[in-house]
Amino acid sequence: MKSNLNVQLYKNRKIVWLVSFSLCLISLIGMLVCFKSTSIKAPLNLGLDYTGGTQITLERSCNDECTTLNTNKISNNIISLKDHDKNFDSSTSPNLTRSQIQLLDNSQLISIRLPFLSAAQSESVIAEVDKSFGPFNNKNTSVEIIGPSLGKQLLKSSLISLFFAFLGIALYINFRYDRRYSFLALFALLHDILIVCGVFAWLGYFFNVEVDSLFAVSLLTIAGYSVNNTVVVFDRIREKSLLENQLSFKYQIDKAVGATLTRTLYTSLTTILPLICILIWGGSTLYWFAFALLIGVIAGSWSSIALAPSLLSITSNKESH
């Protein structure tokens, strides 16, 4: 049987707290900067799923199989309208860099999501795309307006789902362990979610990266992953406290973390590798979803093997031996 790794978590607990505190502070600053920004006015740069906009769907006229298109080229063509189209030359024109392009049915359908456009602006977008990527079947061209009320409802539903997910996790851990474990697991979970939101706040501020409904899905996935890792570590700590009760609680925690460290790292690595593959080959639709999961997995692994156990070590009333 392999010996457990010698982890000195209690000795280095202040370094762990400093790292986590710094990351959380940077994240909070990023969300505050976004909230104060005149163009964002929210803790995160909300995408069209939450703010509403115009959706244009175009069907290509292909004799046999449609050739594959590049969504970045379509997006760049749309952005170029602000330089040569009179419908987009005013200061109040919508931000065309926020366009979201999806290719459906083997590139036969092009779905374009943009901020709210007038009828003339929508016609300009259709004409520009048709010029470079047509011809299109005009009978099946559709222009739909997604109102802000629908976006607000989606945002509200996302927040409610996150709240009840966190509440369910807290109740489960409280039932299985005690309030101390429940609080620390939930604290570690909030730590992970805050860091992911902070990263996207800075990305939204500097690179105009938006969060959509897939971002809310990634947060729920991160919550489950983070708590799963934390529960494994807590289980081993409880086991050590029963089998090696002659040691002080802080040393029991060090031994428990050492025993689960390899397992946690292997689990994280096997999760990270598919996410990297999605980042490279998954296309633009899944790129930021996979990126959010990647940051969440890294933060969740850190909080599970370092932050939560180090905080648990100072909550014990046992004397050190």
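The values are calculated or read from the model by the stated rules, or taken from the named source; none is laboratory data. Source: prediction; values computed, not measured. All Cβ positions, even for glycine, are placed from backbone atoms using ideal geometry, and neighbour counts span all protein chains on display.
Within the range 273-281, at least one residue is buried (at least 18 other Cβ atoms within 10 Å of the Cβ) and either over 30 Å from Leu32 (Cβ atoms) or in the same structural domain as Ser157 (by TED's automatic domain parsing) (or both). Picking from residues in the range 148-165 that are surrounded by 12 or more Cβ atoms within 10 Å (Cβ to Cβ) and more than 16 Å from the chain's Cα centre (by Cα), the one that is modelled with the lowest pLDDT is Leu150.
Being within 22 Å of the chain's Cα centre (by Cα), within 21 Å of Leu286 (Cα to Cα) and of a type in the set (A, V, I, L, M, F, W, C) is a property that Leu114 has. Candidates in the range 29-42 are the residues that are loosely packed, with under 15 Cβ neighbours inside 10 Å and either on the phi < 0 side of the Ramachandran plot or hydroxyl-bearing (Ser, Thr, Tyr) (or both); of these, the one that is modelled with the lowest pLDDT is Ser39.
Report whether or not Leu159 is outside the structural domain of Ser61 (by TED's automatic domain parsing) and touching a helix residue (DSSP H, G or I) at 6+ places or on another chain (Cβ under 6 Å). So Leu159 does not fit the description; no. One residue alone among Thr97, Thr54 is among the polar types (S, T, N, Q) and outside any helix (DSSP H, G or I), and that residue is Thr54. Taking (1) assigned to a helix (DSSP H, G or I); (2) surrounded by fewer than 16 Cβ atoms within 10 Å (Cβ to Cβ); (3) in contact with a Ser or Thr (Cβ under 6 Å, 6 or more places away or on another chain) in turn, Thr68 satisfies each apart from (1).
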